[in-house]
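Quick notes on the structure that follows.
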Amino acid sequence: MSGIATTRTKFAANGKEVNAFIAKPEGVSKAPAVIIVHEWWGLNPHTEDIAQRYAREGFIAVAADLYNGVTTKDAKEAGQLMSALKPEDGLESLNIVLDALRADSEVSSVGVTGFCMGGTFALLLACHAEVEASVPFYGDVPVDTTIIGKLGCPLLFIGGEKDQWITVEKMNRLDTALKQYSKPGEVRIYKGADHAFFNDTRPEVYSKADAEDAWKTVIAFFKQHLH
């Protein structure tokens, strides 16, 4: 494959603008797209790096900015930013991006993934809108799992056994709901892995072997369901 091209753009609808970082493979006339939703830190260089990894795998990667340009490295501020973002506002932004991708002649299908807060939105979007596949990384699981009955695509949920926020109990709740509503999905829990184990910019939680295995699994999943 040739190189990748990166751009920054804005998607607009209904008087609202959503910033995004886009990475796409060069020389490809049509490809599946993956919407990437950032962690509570905002759309930072790490998320942009993930987008470029997807582009190298042949996907049009669209990292949507739910914080309107704000990023932070401070956990307290990140928590405040996440708390201030209403789920319906985040979903509205993602739907603006999704609608734009649906209308793009270069896009053949659309999947969504996200990490931490972004994982929560990756799950919600798959229950509220039409996407072809969803991969939440350690996103929160709704207490009321009836929403899983609205899941409209195959789901691959990635989590860590030692995660204190997205606990094994929560992930088991999701697994039970998937079976209850006969939804195509897998909850994959990495033994000994912590919250944010995929984030290679955070050595205190990063697990190289688990992250590499998760990446291979996710790429295979998207290539199976996005055409």
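A simple rule links phi to the HN-Hα coupling: the Karplus curve 6.51 cos²θ - 1.76 cosθ + 1.60 with θ = phi - 60°, which for the range 212-227 gives 5, 5, 4, 4, 4, 5, 5, 4, 4, 4, 5, 5, 6, 9, 10, 10 Hz, with x for Gly and Pro.
Please report the carbon-and-sulfur percent of the accessible area for the chain; probe 1.4 Å, protein heavy atoms only, DNA, RNA and ligands left out. That fraction is 49 percent. The fraction of all Cα pairs in the range 24-67 landing in successive 10 Å bins from 0 to the largest distance is 33, 48, 18, 2, given as whole percents. Compared with the rule-of-thumb size 2.2 N^0.38 Å for a compact globular protein, the range 1-105 has a Cα radius of gyration ratio of 1.09. Less than 5 angstrom separates the built amide H of Ser108 from those of Ala31, Ala33, all sequence-distant by 5 or more or on a different chain. Report the far tail of the P(r) of the range 128-176, meaning the percent of Cα-Cα pairs longer than 15 Å. Everything past 15 Å amounts to 44 percent.
Considering the range 77-153, its Cα convex hull presents a mean projected area of 5.3 nm². Put a plus charge on the Cβ of each Lys and Arg, a minus charge on the Cβ of each Asp and Glu, and nothing anywhere else: the dipole of the chain about its Cα centre is then about 300 debye. Residues whose amide H comes within less than 5 Å of that of Arg202, counting only those at least five positions distant or on another chain, are absent (H built at 1.01 Å from N in the peptide plane). Only helices enter the 222 nm calculation for the chain: every DSSP H run of n ≥ 4 contributes -39,500 (n - 2.57), and dividing by all residues gives -11500 deg cm²/dmol, rounded to 500. The magnitude of the dipole of the range 61-186, with charges of +1 and -1 set on the Cβ of Lys/Arg and Asp/Glu and taken from the Cα centre, is near 340 debye. With protein chains left intact and a 1.4 Å probe, residues in the chain average 45 Å² of accessible area per residue.
Over every Cα atom in the chain, the radius of gyration and the widest Cα-Cα span, Dmax, amount to 16.2, 46 Å.
The phi torsions of the range 185-192, fed into the Karplus equation with coefficients 6.51, -1.76 and 1.60 and a -60° offset, translate into couplings of x, 9, 10, 9, 10, 8, 5, x Hz, rounded to whole numbers, with Gly and Pro shown as x. Between Ala75 and Tyr206, the distance separating the two model label sites (each 7 Å from Cα on the Cα→Cβ line) works out to 1.8 nm.
The residue among Ser29, Val97, Met117 whose Cα reaches farthest toward the positive pole of the charge dipole of the chain, with charges on the beta-carbon of Lys, Arg, Asp and Glu, is Ser29. A cut-off under 9 angstrom between Cβ atoms defines the neighbours of Pro25, and their net charge, with Lys, Arg +1 and Asp, Glu -1, is 0.
Since only Ser83, Pro136, Asn44 are under comparison, the one whose Cα sits farthest along the positive direction of the charge dipole of the chain, derived from C-beta charges on Lys, Arg, Asp and Glu, is Pro136.
Kirkwood Rh over Cα pairs of the range 53-184 into Stokes-Einstein at 10 °C, 1.306 mPa s: D in µm²/s? This corresponds to a translational diffusion coefficient of 102 µm²/s.
Restricting attention to the chain, close to 35% of DSSP beta bridges with both partner residues there are antiparallel.
Calculated FRET efficiency, Gln224 to Thr167, Cβ-Cβ distance, R0 = 25 Å: about 0.30 to the nearest 0.05.
Karplus-based coupling profile of the range 34-40, in residue order and whole Hz: 10, 7, 10, 10, 6, 6, 5, with θ = phi - 60° in 6.51 cos²θ - 1.76 cosθ + 1.60 and x standing for Gly or Pro. Using the Cβ-Cβ distance between Lys150 and Lys30 with R0 set to 30 Å, the FRET efficiency works out to roughly 0.55.
Projecting the Cα atoms of Leu226, Ala64, Ala12 onto the charge dipole of the chain, computed from C-beta unit charges around the Cα centre, puts Leu226 farthest toward the positive end.
The amide H of Asp163, built 1.01 Å from its N in the peptide plane, has His195 as neighbours under 5 Å, considering only residues 5 or more places off or on other chains. Checking the a/c ratio against 1.5 first, then a/b against b/c, what shape does the Cα gyration tensor give for the range 120-227? In terms of gyration-tensor shape, oblate.
The values are calculated or read from the model by the stated rules, or taken from the named source; none is laboratory data. All figures in this text were calculated on a predicted structure; none of them were measured in a lab. Ideal geometry is used to build each Cβ from the backbone, glycine not excepted, and the neighbour counts take in all protein chains shown. In case anyone asks, the SASA skips ligands and DNA or RNA and just uses the protein heavy atoms, side chains included. Shrake-Rupley method; radii C 1.70, N 1.55, O 1.52, S 1.80 Å.
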